[in-house]
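Take a look at the structure set out below.
The values are calculated or read from the model by the stated rules, or taken from the named source; none is laboratory data. In this text the structure is predicted, and so the values were computed from the model without any measurement. Positions of Cβ are generated from backbone atoms using ideal geometry, with glycine treated the same way; all protein chains shown enter the neighbour counts. Side chains are part of the model used for accessible areas, which takes the heavy atoms of the whole protein and leaves out ligands, DNA and RNA. Shrake-Rupley method; radii C 1.70, N 1.55, O 1.52, S 1.80 Å.
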Amino acid sequence: MQSVRDLIVLITGASSGIGEACAYEFAGAGARLVLTARRSQRLSSLKAQLHQQFGTEVELLAFDVRDRPSITAALESLPAEWQAIDILINNAGLSRGLEKLHEGDIQDWEEMIDTNMKGLLYMTRAIVPGMVERGWGHVINIGSLAGHETYPKGNVYCATKAAVRAISEGLKQDLLGTPVRVSSVDPGLVETEFSQVRFHGDEARAKTVYADTVPLTAQDVAEVVLFCAGRPAHVNISEVFMMPTAQSGATLVHRDRT
Ligand code: NDP
Ligand code: 8X3
């Protein structure tokens, strides 16, 4: 494995779930971390934990990925020695609602499109030019099974993740001839706060998504993200499509109710 020790890794959506698990994985491997999300309290506690457990150097940036001027200001506020981001993990994202398209809540659509597509694009546009200039870098996008397969009532969320897949492919094409790598890690069911957010805080409904089955953990995904980052410079893991053993498609989940 190529070491990520002392590399600067920026993770969006580090306040929870897969992003937080990535923070632990990369901290354990000796990386320096720029952790971002909106909930700054959570980021502060995570920073303290990582410092205590691994002695990790951490910078925190609280911003909304939908807000392009805030992204610019936050990145500019990084100390000079933190400006050269080596690895960008575009993880911030969400689903809102599970409705038939013709009955869907348009505000939910706006939030998903603005976060999952536009937010990821803004981060990429802000950080990748520096990687190209320095001749070194890696973008790792968190896509989804939902980008490979549309499921009933998943319409707009699935569309945003299909867009992430297209963006990863397009970025890889446009960076051909540079040493900058692009990977997409596309999981199926992962038990995080994802379903609570999807159902606007309805915890009981969120629990039913993972009931009687064994979903992936955020750590399972984070380990794969670290694996992608740890390949030698001439190896690019383009796409990892991963699911729980108990899942074989968006609507095919084995639930043990015996
Ligand atoms: P969580 O809800 O646990 O985490 C989502 C993270 O995204 C939080 O840290 C949240 O931080 C951040 N985020 C959301 N909106 C914004 C925003 N506007 N600006 C900045 N940060 C934002 O869910 P997951 O960990 O499961 O989700 C992470 C990624 O994984 C998402 O892209 C999701 O689509 C994808 N995914 C999830 C799967 C699953 O089954 N859980 C499966 C496949 C992919 P804060 O609220 O503090 O801003
Ligand atoms: C999250 C996975 O299948 O719940 O992206 O949409 S799924």
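Quick notes on this structure:
- Candidate set from region 229-246 (those that are touching a strand residue (DSSP E or B) at 6+ places or on another chain (Cβ under 9 Å) and touching a residue at least 60 places away in the same chain (Cβ under 8 Å)); member that is surrounded by the most Cβ atoms within 10 Å (Cβ to Cβ): ALA229
- Single residue of GLY137, GLY188, GLY154, GLY147 found to be touching a Lys or Arg at 6+ places or on another chain (Cβ under 7 Å), open to solvent by less than 20 Å² (accessible area, probe 1.4 Å) and either of a type in the set (D, E, K, R) or at pLDDT 95 or above (or both): GLY147
- Checking ARG257 against (1) out of contact with any Asp or Glu (no Cβ under 6 Å at 6 or more places or on another chain); (2) modelled with pLDDT under 95, the condition it does not meet: (1)
- Within region 69-110, being away from ligand 1 (no atom under 13 Å from the Cβ), open to solvent by less than 40 Å² (accessible area, probe 1.4 Å) and in a helix (DSSP H, G or I) holds for LEU75, TRP82.
- Checking each residue in region 239-258 for being part of a loop (DSSP other than H, G, I, E, B) and of a type outside the set (D, E, K, R) picks out MET243, PRO244, THR245, ALA246, ALA250, THR251, HIS254, THR258.
The rows are residues; the columns are (1) open to solvent by 20 Å² or more (accessible area, probe 1.4 Å); (2) acidic (Asp, Glu); (3) within 23 Å of VAL190 (Cα to Cα); (4) away from ligand 2 (no atom under 16 Å from the Cβ).
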site	(1), (2), (3), (4)
VAL9	no, no, yes, yes
GLY19	no, no, yes, no
LYS47	yes, no, no, yes
HIS51	yes, no, no, yes
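- Residues of region 168-190 that turn out to be within 16 Å of ligand 2 (Cβ to nearest atom) and not in a loop (DSSP other than H, G, I, E, B), as a count: 6
- If the condition is being surrounded by fewer than 20 Cβ atoms within 10 Å (Cβ to Cβ), of a type in the set (S, T, N, Q) and assigned to a helix (DSSP H, G or I), then region 191-220 contributes GLN196, THR208, GLN219.
- Scanning region 147-179 for residues that are more than 16 Å from ligand 1 (Cβ to nearest atom), among the acidic types (Asp, Glu) and over 16 Å from VAL132 (Cα atoms) returns a single hit, GLU169.
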